[in-house]
Each structure stands twice: as structure tokens, then as C-alpha cells.
């Protein structure tokens, strides 16, 4: 097993960081690694906003549900789907590009490009001995995030990434069974086998929580997911996305 694979398999989400900023060189390296990720048809439909200002971080932390690690970290990155530059390109080259930019297909391209770039950034950061935590809570109030970060139309902040020197070393959370995630040739639809795998995973997750909390929690994964999905959140998103000029066609 090589060092890259070892870094990937050691991943934990870090939610407590040392009071120690990243250097400009570290930030540049992380962003350049993000840019090295694959991108659909060379479109590069994303941008990354770095946040150092303490007050902006504080406000973003409030939006994200008062998550302290959004405010206290080595550096905070915000990954955005971005077709602003492509609208400018259309004007520069005198081509009608809006029907493409407003399509569901290009919306998917922007989301995928941003996610691929972010995961490259994560692997780079972790290989440097840093810790990370993805922050989806920014989507609690994207209009306010857009206002704080002054993003133009056709740019959507998707998620944040808190990066810094770890001040904790949490246990690794168990993932779904390999056989439940990986299907060969066709999607496995044997319901009996499917449910058996989920029940096996529930036992693993319950044991993990019991060990981590010294018996205070025995959550199952299916229970967590059912509870979460039965309470819809951020239901403003479709209107917001369309208002930003995405997913209209």
C-alpha cells in the first residue's frame, strides 16, 4: 500500500483545530492540487473563495448552525459552482452561450467539477498533515452567503472546507460494506440481500457509537438516515438555483 492510499484511508473529519493559520504557500498548494482534478470537457466550472477574515468566518459559522470549526481553523475555503466566467466568455467571443449555461446538464457539470476539485484539495491537505471538515451548513442560507462573499449571478456557493492543524484525533467512522456499494455488471436488486447488508452495517455503526460514547449512544445508520430524510430541509434551493441562472432548461 502506497502513501497516497494510506492518506485516503486514514481520513477523519476534524472539528477542532489549533489556533494556527495556514501559510500562503500551503494555501496555494492546496488550490493548485484542486485545479489538477479532472474537469468535464476542460470547462473548469468552479471557483474557490478563501476566507481569512475573522468576522466573515464568524458570520459563516452562524449560518452553518453555529459550528465553531467554521470560525476557528487554519483557513476556510468555499467551493462554488461557477459559470460567471463562461458568460463573460460568450460576450468576448460573441457566441450565444446562455442556453447551455442554463441547462440541467451544465448544472451537473459544475457540481461535479467542484466536488472533484474539492476532494483533490482534501487529499493534498491531509497529505501535508492537516485536517479537514466539509461544511454543507452554508446552504442553510445561501442568499446571505452570497452577500457576504459578494458572488455574482451564475455562481453558487456549494459547501465550505475547514482546514487546519488537528487538535483532536477522532475514531474513523465505519463506511457501508464494500458489497453494498460496489455492483458488478448490473445493480444488485435482491431485496433480501440488500436489507441483510444494511442490518449488518447497523450493527457495526451501533457498536462504533457505543464505543465512542461509552454506552450513551447506539444509533443505527438506517435510523439516522430515516430520521434525517423524514424532515426536509433547505426547501428554498430550487428557486434559489434558478434565480442564479442554473438548471433552467
Handout entry: 15 Å reach of a label modelled at residue 100, 7 Å along Cα-to-Cβ, counting backbone N of region 40-73
Key = 40-46
Problem - Relative contact order (%) - criterion: Cα under 8 Å, at least six apart; region: the chain - result: 26 percent
Problem - Spin-label model distance (nm) - residue 13 vs residue 32, 7 Å beyond Cα toward Cβ - result: 3.1 nm
Fill in the blank from the handout: region 1-137: relative contact order from alpha carbon pairs under 8 Å, six or more residues apart, as a whole percent, is 39 percent
Problem - Euclidean distance between Cα centres, region 28-46 to region 139-162, Å - result: 19 Å
Handout entry: Antiparallel bridges, percent of DSSP beta bridges restricted to the chain (to nearest 5)
Key = 95 percent
Handout entry: 0 to 90° range, to nearest 10: angle between helix 84-93 axis and the chain longest Cα axis
Key = 30 degrees
Practice task
Pop the C-beta distance of residue 93 and residue 41 into the FRET formula with R0 = 22 Å and round what comes out to the nearest 0.05.
Solution key: 0.85
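No value in this document is a laboratory result; all are computed from the given coordinates. Predicted model only: the values in this text are computed from it and were never measured. Here Cβ is always computed from backbone atoms with ideal geometry, including for glycine, and neighbour counts include all displayed protein chains.
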